Every structure is written in structure tokens, then in C-alpha cells.
Amino acid sequence: MHSESHILGRLRDEETGRRAARREEFARRKGQAPGRSGWFSRQRPVLRFVVLFALCMMGFYGLTATQTFEQWGWAPYLELNARVSAAILKALGEEVTVTGRSITAARAALVIERGCDAIHPSLLFVSAVLAVPAPWVRKLWGILAGIAVLALTNLARIVTLFYVQVFYPVAFEVVHIEVWQALFIGWTMALWVSWALWAVRGPARLSHASS
């Protein structure tokens, strides 16, 4: 009996050891898994933003490339920019006339072409807003405010380019292509960052204040 109990004890010990070894192996593998999946988990918000942003941009640029948008979007909007810019110049004392997309004066003349608008920066801004995980009400306010600010900024660009052509025409291309393009991109990014800080952090502050 003693030998049999001794053998049974050894068998139990061996089985216990094997179970412990299996548990350790399982724990080791389980401990490694979070390390591999943890990177994706940590990067998921960034990956989600990049994917949604890219999809929105592809959709918007596909839309603007259609003939329908060319006829009912680009052309009327460019003419609207010309008329509003001419009204601002008239308010500043300039004698200008508008024909379609052309602004003509005795001292200068501008033609509002594609690229002299705020459509592409607005698409960039809207895509970035839609890709942020924020309340839809805040997204809507951000989109409306951002498009309005960018449209006003574009009017300021047209007016300043008019006066650059009047007073310093040799610098027109530099100001038009290099200076204003860089300013527009930087301004668009600054608007988006400002909105994102408000949209993402705002609800947390409000809920904390209400508690």
C-alpha cells in the first residue's frame, strides 16, 4: 500500500507539474499576444483617421472631376468669387468691371481660374473633420464655419493679388503661387487643429463641469 500510494503521489505530482507547465506556456503566449495586438490597438485611432480621410478625399475629388460638377459647381462658384471680389474692390474705391470670371480695371486685370478658389482647401478641411471621431453636431458646425472662413480667406487672396498686380506686378506669380498657396495650406491645417481641439476635448470638459 505504501508503494502504491507513493507511486500515485508521484503520478499526481507529475500531472500537477505538467499542468503547471501548460499554464505557464499558455500565460507566456497570452502575454505575447497583447504585445503584438497592442500596437494595432494603440494605432487604431490613427489608422481609422487615415483611412476615413483618404476615402473622403477620394470621394470628393471624384465628384469634382465629373462634368456635372464642372458645369454646376466650378463655373458658377468661380463667377461668384469674381463678382464678390469686384464688389469689395469697388467698396475700396476701385473702378472695376466683371465679365464672367474676369475682373478688369484700368490698372489691373484678373481672371479667376480653378485653383483661385477655396474648393480644394475646403475639401481637405471637410475630409479631415469627417475623419475625426467627434459628435456629428460639432462636425456640422466645424464644416460650416470652416468652409465660410476659407471662402472669406479666398476673397482676401483675390483682392490682395489685385493690388499686387497694381503696385508690384513683377511679384505677382510668386505671391500667387508660392506665398498664398503656402498660407492657404497652413491656414487650413490651423483651422482643422483648432476645431479638433474644441470638438474632441469639449464634451469631456462639459461632462466634467456638469458633474
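Just so you know, all these numbers are worked out from the coordinates, no wet-lab data involved. Small disclaimer: the values here were computed from a predicted structure and weren't measured. We place every Cβ from the backbone using ideal geometry, glycine too, and count neighbours over all the protein chains shown.
Here's the picture: charge each Lys and Arg Cβ at +1 and each Asp and Glu Cβ at -1 in the stretch 66-210, and of Ala151, Ala86, Leu197 the one pushed furthest to the positive end of that dipole is Leu197. Potential lengthening of the chain between Ala109 and Val170 amounts to 20.5 nm, from the contour at 0.36 nm per residue minus the alpha-carbon distance. Counting neighbouring Cβ atoms within 10 Å and putting the fewest first, the residues Met189, Met58 line up as Met58, Met189.
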